[in-house]
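A quick write-up on the structure given underneath.
All of the numbers you see were taken from the coordinates with simple rules; none came from a lab. Note that the coordinates shown come from a computational prediction; the quantities given were computed from them, not determined experimentally. Using ideal geometry, Cβ is built from the backbone for each residue, glycine included, and neighbour counts are taken over all protein chains shown.
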């Protein structure tokens, strides 16, 4: 592939995906299980084993699940929920939100000791979480909860039928970052009201729901509830009206208050003509609006009726879907020459949304192109990364040369004694530019959503940071006139802050594994800011020598001592620091001279013993 | 690129038709039904061996869903090159156990093996062997062909099958393509015949097993009886044919059962097809299909070799790409849904063969019927193929599917072109490194002629690194690593042609690179003290590129079969590129026992003349040996 050439996407496989899922036999099994389970009054969960796959089934709904009137859209914050990790919860200003009704139901199930025990047993198996309606949202939350356990040998997947939207963009991003979006498949009947209903404020639909929910319940279970036909049809029209008002605002990008919810995962839209899968969240939002726009000739109240009845009619829909999908779609006149656009047109045709509906078509096209661009970007970065290895190698080389001369690359670069240091600086700048660009691209969302959790890039970034940040620090202190600390946020380059954050996030997710303690000192100091800490301690030492701010300066020095001791203990410091010429050793000599006057220090100092005995021996 | 698009399958079939081999093979197949295992006949200079397609109770009693098993199960690695993956983690090709068992049965019990070896050794007569078989017999013929091909004699065998079911999985198909054996297999498939698709379904499933229970004996009986008819009424063939068309629909399966049966197969086939298509477009990651892949059981079997589809209307379509063949197998069936024909066509290959003989096997002859308003040659070709299959280019799904394959093929072609250009550029860096090596070794020997002990190999030069030259060498090392890493990545992502790793050009370039540069990588590794961080180079630090390149060479050696000639002189480059890593580990190891093992190893290598004299006389080695002997002494 020529990387510099714009390369439009070639294909769109939404229909193939739908066929793949619809014909594999999982869907009918899942629906059958839900349907028979929902008949019972049991409101917890059910396990069903089928060959080597375990289905975990959540019941459809209870009345109270829909009711969540304390916030406008029934959303709530998950910050206080211990069951989800910090990575999922997002920042303070952009917290992750989920639907409260679903969350409460899931929490209720979690309290059941039986559930946890059974999940423990299942940890090495293939699990499919399935649910219908609110139960679908519960299943999705359960899937997230289960995925966060990061069990290596298990494979979990989530299938929902007519589930409402359950989370906001922050949650979606967090899931995308872990590359889990592909594990959610939401089956949606084209007209079903529930998947789109929380796009409208809860109040506007509450009254209608009160009338409709009993009707749904009677459909899903054997119990007979009398529902007056008249109030039903009124409620149907009412709810559809209110929902469409909101979806049209969203689909047309009109300004206004939007519901926080976004689609999370792959949506499989089904109609009598077939089915297609869509992955892009924006495009799905648009589809949620346009798919209820009826064809001409169908009266509105009929559509409204369908919107309600389809919610409990998945069994019927699944029966016909195989057949519809396997019948070849034939396009008499192809809309365009591009096979990508033909693919989209086929998908829209399959779900009965006219291809002439430009909004959806363009949204899908844009989504496909954006995804393609992301893939191209990462290809480009891959190539650039390997070219940049030569700069990195140069710096490694430099470091070794310095070591042979008994000094640290940090000091050598700071003093800039040799002509070679000029080339080192060149390599440093080039690498800095490369990583700045990557961080920038990631923040602009033009890289794949799971980019910052990919091992390759985390490792490359960490190696870069550990090797080059000391040079950045040296550069800062050599040129700094304002006596600013490198460690303050406005001085430390953004790339290092971000790279360190990525690594820490990744390490948190790895916490399940025992980490080996080091037995040898690291070849690169693990904390890339070590030298900045040292520089600050040096400043403090200077003022100490000059007799200024004695207490504050002393505190800084002691703090630094403790810090060094701690990284010596876990061996995450490189031995090159203890080379004779290193500025650390110089600092230590001067510092200990001052401190030796106080006998108290001698016995309390965390570093003294090490430096006096062991430290010297360890030297190369 | 355009030139490569001429269909070799067409040439093949034209050749078969021209020499009457197809009808001879078909006759042999029918005769095979009367004999126990196989039937042998000599025709001109060709030995035709036909296997019976008689059903066997074992055929559809399966252990696991699709009855797949390791191809070398119960064998001593007879199928050497049908293994993918690396030595630590081999991924053997899977084949249907029922077929493999039957193959093994004929391999062990009959004198066929001896006969084949004898024919192959007979260089004077230059006889060609053709394996053939109808139905399940075709599967056995395929395995026999493969077994014979593995022996790599001068005259390769050919394989013609009629209505043969799928035999092996994707690795199996890929290996055959990689070894460039595809054109030895010619699968003739009547357009609606269900048997070539039957392996898409698990035989356990009720619809399938019920249908097979009735159909297998029926097919077998009619094949046996047909044989008799054929012998007596060769001249009345047309009459027999008419009779057969009347017979259509007279098979024992009820209409409902056959419908359910065929629908099941279509549905299972669509599983395989959609999986392959989506994987090709989006890649296996980050999509619903990828996440759910372990949850969904789908058939592992894929087509291999060349396919010749023949429709009842008499049109013939030759396909050499296995992915295209997969599409055709599915869409032809899905498009027509002639439930009776699906079952009957399996035993009506007489007709099919007549069509093929008439058409002389050219897809292109249908060009008149296709309106070529499409721009590229690819598009026209897709239209032609669909037309010939009777699917029609209005079937957008089929059209898009085939287009996906074409685009993917083009992508691979462009990728490899670019990499070949880059490979040439890399030669410059290689040359510089070679010069560096000579410099290091030459300088040393000039200066220290007397002090033999202080000789340095380029490994040591690089490790101590004093001069500007070392710096330059390091840059070259990094550049070359970037290139080969990219190749490794592309190969692993399957974005380079499958036969790349069997091309001498690439194997040689890779080996040369590995032998010259890996010592530098080892030097770098130990110089930076990475072995203290993460362990020995061989266990933890060896880059994937070297493992891959070594595997290419090992595979090639394995295939050539002949023992490599033992060296009589030390080579210019040490042949074991990990040599220095062993040395480093030996020096670093502190226990008493280990150095001896290392010493043994080293002595072995020296005895086989695998180590260059420069390396051997270098100071590190000499010092180490001295220290060892002083310890021992």
Per the 1/(1 + (r/R0)^6) rule, R0 = 22 Å and r from the Cβ atoms of residue B:56 and residue B:80, FRET efficiency to 0.05 is 0.20
In degrees, nearest ten, helix A:494-509 long axis to first principal axis of chain A (Cα): 60 degrees
Starting with the highest mean, order B:400-409, A:372-381, A:96-105, A:126-135 by the number of other Cβ atoms within 10 Å, averaged over the residues of each peptide. A:126-135, A:96-105, B:400-409, A:372-381
Compute the Cα gyration tensor for the protein assembly as shown, then decide on rounded, prolate or oblate, letting a ≥ b ≥ c be the square roots of its eigenvalues: rounded whenever a/c is under 1.5, prolate when a/b is larger than b/c in the other cases, and oblate in all that remain. oblate
Along the Cα→Cβ direction, 7 angstrom out, place labels at residue B:530 and residue A:526. What is the inter-label distance in nm? 2.0 nm
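Suppose R0 equals 60 Å. What FRET efficiency, 1/(1 + (r/R0)^6) with r the Cβ-Cβ distance, do residue B:205 and residue B:431 give to the nearest 0.05? Display every interim value, and only then the final one.
Working: r = 62 Å, r/R0 = 1.03.
Efficiency, from the Cβ-Cβ distance: 0.45.
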Shielding of B:520-531 by partner chains, average beta-carbon count, 10 Å: 2
Could you check the simple spin-label distance between residue B:35 and residue A:494, using points 7 Å along Cα→Cβ, in nm with one decimal? 7.9 nm
Virtual spin-label span in nm between residue A:219 and residue A:80, 7 Å along Cα→Cβ: 3.6 nm
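Using 0.36 nm per residue of separation minus the Cα-Cα distance, give me the extension gain between residue A:94 and residue A:550 in nm, one decimal.
On the way: separation 456, 0.36 × 456 = 164.16 nm, distance 4.31 nm.
My answer for the length gained is 159.9 nm.
Can you tell me what share of the DSSP beta bridges in the protein assembly as shown is antiparallel? A percent to the nearest 5 is fine.
If we restrict to bridges inside the protein assembly as shown, about 45 percent are antiparallel.
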Counting other chain Cβ atoms within 10 Å of each Cβ in A:19-28 and taking the mean gives 6
Extend 7 Å from the Cα of residue A:50 along its Cα-to-C-beta direction; within the stretch A:137-178, residues with backbone N under 14 Å of that point are A:157-161
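How high is the FRET efficiency from residue A:463 to residue A:598, r the C-beta distance, R0 45 Å, rounded to 0.05? Walk me through the numbers before you get to the answer.
Details: r = 42 Å, r/R0 = 0.93.
Using R0 = 45 Å, I get an efficiency of 0.60.
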Express in nm, to one decimal, how much length is gained between residue A:609 and residue A:430 on full extension, taking 0.36 nm for each residue of separation and deducting their alpha carbon distance. 60.2 nm
Cα gyration tensor shape for the stretch B:160-213, rounded if a/c is under 1.5, else prolate or oblate: oblate
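Sort B:328, B:430 so that the residue with the fewest other Cβ atoms within 10 Å of its own Cβ comes first and the one with the most comes last. Don't skip to the end; give the middle numbers.
Numbers: B:328 26, B:430 17.
Taking fewest neighbouring Cβ atoms as first place, the list is B:430, B:328.
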